[in-house]
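Input: a single structure, listed below in C-alpha cells.
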Amino acid sequence: MDTAAAILEELIGREQAAYARLHPRSRRDFEDGQRHYLYGAPSHWMRRWAGGFPLYGRAARGAHLTCVDGLEYVDFCLGDTGAMCGHGPPAVTSAVAGQLERGATTMLPTEDAGWVGGELTRRFGLPYWGFTTSASDANRAAIRISRMITGRAKVLVFNGCYHGSVEEAHVALRGGQTVLRNGIHPNAVDHRQVSRVIEFNDVAALDEALATRDVACVLAEPFMTNFGMIAPQPGFLDALREATRRTGTLLVLDETHTFSSGPGGYTGAHGLKPDFLVVGKSIGGGIPVGLYGASEAVAQALWAVVHVLTRDAFDHMAQVARGLAQQARTVLSRHGVPWSVIQLGARAEMLFSAAAPANATEVARVRQDALEALLHVYFMNRGVLVTPFHCMMLTCPATLESDAQRFVTVLDGFCSELARRGAVSAPR
Ligand SMILES: Cc1ncc(COP(=O)(O)O)c(C=O)c1O
C-alpha cells in the first residue's frame, strides 16, 4: 500500500471510530434491524453510508436534521433531491395533512388533478401526463409505451447512467460490449436483448446504435448526474434529438435529478423537445411520486394503438364495406343474378333474394343451403373467407380496397359460372 493510501485508511479508521462513539443509538438500531430487514435497514443501500452503519434520523426541518443520538446536521443530501423543497415546508405539510384528512387513497381522481396537469404542461411543455409512485415506475411506463408505439424491444442508455430500478438500465459499457453493471444480479434477464449502452457525448456511437432501428427509446438524463456530473457537450443534445427523430426512436428525458436546473427542469431551461419527460422525488415535496409527460405525437400514436375502433377507423371500415357492397351489386346485375347485398357500416351481407327480407320467416324462405355451401368453398379455394352459416363480409381497420376488390373478382367468377351453367335460382 502506498503512503497516501495508508494514511487514508488510518484516517477512515479514526473517523469511523469517532462516528461509532458519537452514535451509539444509531448503531443499536442498525443491530436491531438485522432481525427485521433483509439488509439490516429498510432499503439495501442504507447500510452503505460511510460511517459503517446508517445514521438513524429523528426529525428534519428546512435544511437541517437531527439524528436519534440528538446530533444536528446541515442537510445537503436532502433525500437525494426528494427533499429539494426542504424538509416539511408548510405549504406541503398542510396540503398533505389536508388530503390525509379527506382520505389518503380512494381509487378516485380529485378535482385538483386538473390544475396539476395544467401546471405540469406550463412548466415542462409536454401536453399529457401520467402519475406513478416512483420515478423508476415512470421510466418503465415511458419504456413500455415506446415499445407499444415502435414495436421495438431495445432501450439505449448511456454508460454510467442510473434510472432507478429499471432493468434495461442496469448495464455498462466494457470493452465496447453491453455488460451488466457491477454488483447487479442478471435476474434471469439477457440484458443484451433489451439494452444497448454507449458513452454519453459520443455522436458517432449514437448514430451507429440507432441505425439498426431496433431501439424503441433512448432513456437519458440531459445532464448526467449519477456517475459524477457529466455535462452534454455543445451540440450533443441537438444531435441526440436529430438522430432519434431520423430513426423513429423515442427520446425519454429522465429529469428526476436534473429538475434542480429550474422550475421546468433542464428541458424548460434549455428549450428541449423530448417525446417523454420523467420527473419524480422532489416534485412531490418529499412524498414518493413519479410522473411522465408525453408529447402530442406520442399521445396520438398511443391512442392509435390502444383505441382501435375510433371514428376514423369506423369511417374507413364502412367505406370499404360500402364499396364492396356496391361493386357486388353491379356484378350480380351484370350476370343477371337476382340476389341482394345489405350493408350496415363495416358489415355487408349477401342474401339469395332480390328483395331484402322483413322478418326471420322470409329469411328462412330464401335460404339455399347447397348454394351457400358452394359459395363458401368456392371463395375459400380462391383465397377469400366469407363468414360461415350466412354470407357476411366484415371489414376491419386493416381491410384495404384491394381486399374488397379481391372479393368482387371471385364473386364475378362465381356468378359467371352459375349463370353459364344455368344454376342461378329465380327471384322469389
Ligand atoms: C435519474 C434518476 N431516475 C430515477 C430514479 C429513481 O427514483 P425513484 O426512487 O423514485 O424510483 C433516480 C433515483 O435516484 C434517479 O437518480
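If the elastic network links every pair of Cα atoms under 10 Å, which of R192, R14, R311 fluctuates the most in the Gaussian network model of the chain?
Ranking R192, R14, R311 by mean-square fluctuation puts R14 first.
Which order do peptides 274-284, 103-113, 348-358, 375-385 fall in by mean Cβ count within 10 Å, highest first?
Details: 274-284: 25.5, 103-113: 8.3, 348-358: 16.8, 375-385: 14.3.
Result, highest mean Cβ count within 10 Å first: 274-284, 348-358, 375-385, 103-113.
Mind jotting down the three principal axis lengths of region 91-244 based on Cα atoms? Whole angstrom, largest first.
56, 37, 34
Helix-derived [θ] at 222 nm for the chain: sum -39500 (n - 2.57) over DSSP H runs of at least 4, divide by residue count, nearest 500?
Working: 14 runs with 178 residues, N = 428.
Rounded to the nearest 500, it is -13000 deg cm²/dmol.
Mind jotting down the distance between the C-alpha centroids of region 112-138 and region 373-428, whole Å?
If we compute the Cα centre of each part, the gap is 53 Å.
What Kirkwood hydrodynamic radius do you get for the chain when you take the inverse of the mean 1/r over all pairs of distinct Cα atoms, in Å? Walk me through the intermediate numbers first.
Details: mean 1/r = 0.0365 Å⁻¹.
Averaging 1/r across every pair of different Cα atoms and inverting gives 27.4 Å.
How much length would be gained if the chain were fully extended between R122 and C77, taking 0.36 nm per residue of separation minus their Cα-Cα distance, in nm to one decimal?
Working: separation 45, 0.36 × 45 = 16.20 nm, distance 2.85 nm.
Gain on stretching R122 to C77: 13.4 nm.
Report the gain in length on full extension from A188 to R406: 0.36 nm times residue separation, minus Cα-Cα distance, nm rounded to one decimal.
Numbers: separation 218, 0.36 × 218 = 78.48 nm, distance 4.82 nm.
So the chain would gain 73.7 nm between A188 and R406.
Assigning unit charges at the beta carbon (Lys, Arg +1; Asp, Glu -1) and nothing else, what dipole magnitude in debye, to the nearest 20, does region 196-262 show about its Cα centre?
On the way: 5 positive and 10 negative charges, 37 e Å.
I would put it at about 180 debye.
In what order do I7, I143 fall by count of nearby beta-carbon atoms within 10 Å, going from fewest to most? Walk me through the numbers on the way to the answer.
Numbers: I7 11, I143 24.
By the 10 Å Cβ count, ascending, the order reads I7, I143.
At 7 Å along the Cα-to-beta-carbon direction for both L22 and A299, put a label point, then send me their distance in nm to one decimal.
Those two pseudo-labels are separated by 5.1 nm.
Would you mind ranking F414, F124 by Cβ crowding within 10 Å, fewest neighbours first?
Details: F414 19, F124 24.
Least crowded to most crowded, the residues run F414, F124.
Among all helices in the chain defined by DSSP H, which have a length of 24 Å or more along the axis from Cα atoms plus a Kyte-Doolittle mean of at least -0.5? Mind showing how you got there, number by number?
Values: long enough: 3-22 (28 Å, 0.29); 311-334 (34 Å, -0.45); 401-421 (30 Å, -0.29).
Within the chain the helices that satisfy the rule are 3-22, 311-334, 401-421.
If Lys and Arg each add +1 and Asp and Glu each add -1, what is the summed charge of the other residues whose beta carbon sits under 15 Å from the beta carbon of H36? Mind dumping the intermediate values first?
Working: positive: R28, R35, R47; negative: D29, E31, D32.
Counting the neighbours of H36, the net charge comes to 0.
Summing Lys, Arg as +1 and Asp, Glu as -1, what charge do residues with Cβ under 11 Å from the Cβ of T178 carry, T178 excluded?
Working: positive: K154, R174, R181, R192, R196; negative: E168, D190.
Combined, the nearby Lys, Arg, Asp and Glu give +3.
Each label point is 7 Å from the Cα along the Cα-to-Cβ direction; what then is the distance between the points at A104 and T212, in nm?
4.6
Have a look at A91, W45, T110 and report the one farthest towards the positive end of the charge dipole of region 41-111, computed about the Cα centre with Cβ charges (Lys/Arg +1, Asp/Glu -1).
W45
Give the relative contact order (percent, whole number) for the chain; include only Cα pairs under 8 Å separated by 6+ residues. Don't skip to the answer; put the middle values down first.
On the way: 622 pairs, mean separation 53.2, N = 428.
Once divided by the residue count of the chain, the mean separation gives 12 percent.
Give me the distance between the Cα centres of region 1-62 and region 211-289, rounded to whole Å.
34
Scaled to the compact-protein estimate 2.2 N^0.38 Å, what is the alpha-carbon radius of gyration of region 301-428, rounded to two decimal places?
Working: Rg = 15.6 Å, N = 128, 2.2 N^0.38 = 13.9 Å.
Compared with the compact-globule rule of thumb, region 301-428 sits at 1.12.
Coordinate-derived values only; no laboratory data. None of the values given here were measured: they were computed from a predicted structure. Note: ideal-geometry Cβ built from the backbone for every residue, glycine included; neighbour counts use all protein chains shown.
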